[in-house]
1. Yes or no: Glu6 in contact with a strand residue (DSSP E or B) (Cβ under 7 Å, 6 or more places away or on another chain) and open to solvent by 60 Å² or more (accessible area, probe 1.4 Å)?
2. Go through (1) modelled with pLDDT of 95 or more; (2) closer than 16 Å to Gly112 by Cα; (3) more than 14 Å from the chain's Cα centre (by Cα) for Ala74 and report which single condition fails.
3. Can you pull out the residues in segment 9-26 that are surrounded by fewer than 16 Cβ atoms within 10 Å (Cβ to Cβ) and over 19 Å from Arg71 (Cα atoms)?
4. Return only the number of the condition from (1) open to solvent by 60 Å² or more (accessible area, probe 1.4 Å); (2) under 18 Å from Gln113 (Cβ atoms); (3) out of contact with any Gly (no Cβ under 7 Å at 6 or more places or on another chain) that Lys64 does not satisfy.
5. Six or more apart or on different chains, Cβ atoms under 9 Å: show the pairs whose first residue is in segment 101-113 and closer than 16 Å to Glu6 by Cα and whose second is open to solvent by 100 Å² or more (accessible area, probe 1.4 Å).
6. Do the conditions hold for Gly112, that is, is it within 17 Å of Ala23 (Cβ to Cβ) and either small (Gly, Ala, Ser) or touching a Pro at 6+ places or on another chain (Cβ under 8 Å) (or both)?
Amino acid sequence: QVQLVESGGGLVQPGGSLRLSCAASGSISSINAMRWYRQAPGKGRELVASITSVGSTNYAEFVKGRFTISRDNAKKTVYLQMNSLKPEDTAVYYCNADILPYGRWKYVGCWGQGTQVTVSS
């Protein structure tokens, strides 16, 4: 069974920083793209950033220049460094990855349980 577990959320003041981590575990053959999404109260889930298996990145306009996505393939972990945080960044942040389990022939999309980020003074 494949699992994604996020960590690193919390309460931070405006202008502060947080680093989120998401570790994949289980019977994994390979991991393709990894992504961070977020969902604010009363809003839909939106893509924040993505990174391919070779490190190519993409960002939503609202986080460009402030957030950085990275990954450690050996640790099967993706990170989201969030700087210059704003109150509107408050949301539950979810990790998503395209994972090929051992014994399977097709990648499956997997989600973490989410971690709360609150930006408030």
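1. Taking the combined requirement at face value, the residue does not satisfy it.
2. For Ala74, the failing item is (2).
3. Passing the criteria: Gly10, Leu11, Gln13, Pro14, Gly15, Gly16.
4. The failed condition is (2).
5. Matching pairs, first to second residue: Cys110/Gln3; Gly112/Gln3.
6. On the way: within 17 Å of Ala23 (Cβ to Cβ): yes; either small (Gly, Ala, Ser) or touching a Pro at 6+ places or on another chain (Cβ under 8 Å) (or both): yes.
Yes.
Residue by residue, here is whether (1) under 12 Å from the mean Cα position of the chain (by Cα); (2) in a strand (DSSP E or B); (3) surrounded by 16 or more Cβ atoms within 10 Å (Cβ to Cβ) holds:
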residue	(1), (2), (3)
Asn32	no, yes, no
Leu47	yes, yes, no
Ser50	yes, yes, yes
Gly55	no, no, no
Thr68	yes, yes, yes
Leu80	yes, yes, yes
Leu85	no, no, yes
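The values are calculated or read from the model by the stated rules, or taken from the named source; none is laboratory data. In this text the structure is predicted, and so the values were computed from the model without any measurement. Cβ: placed from backbone, ideal geometry, glycine included. Neighbour counts: every protein chain shown. Ligands, DNA and RNA are stripped out before the accessible areas are found, and what is left, the full protein with its side chains, is counted by its heavy atoms. Shrake-Rupley method; radii C 1.70, N 1.55, O 1.52, S 1.80 Å.
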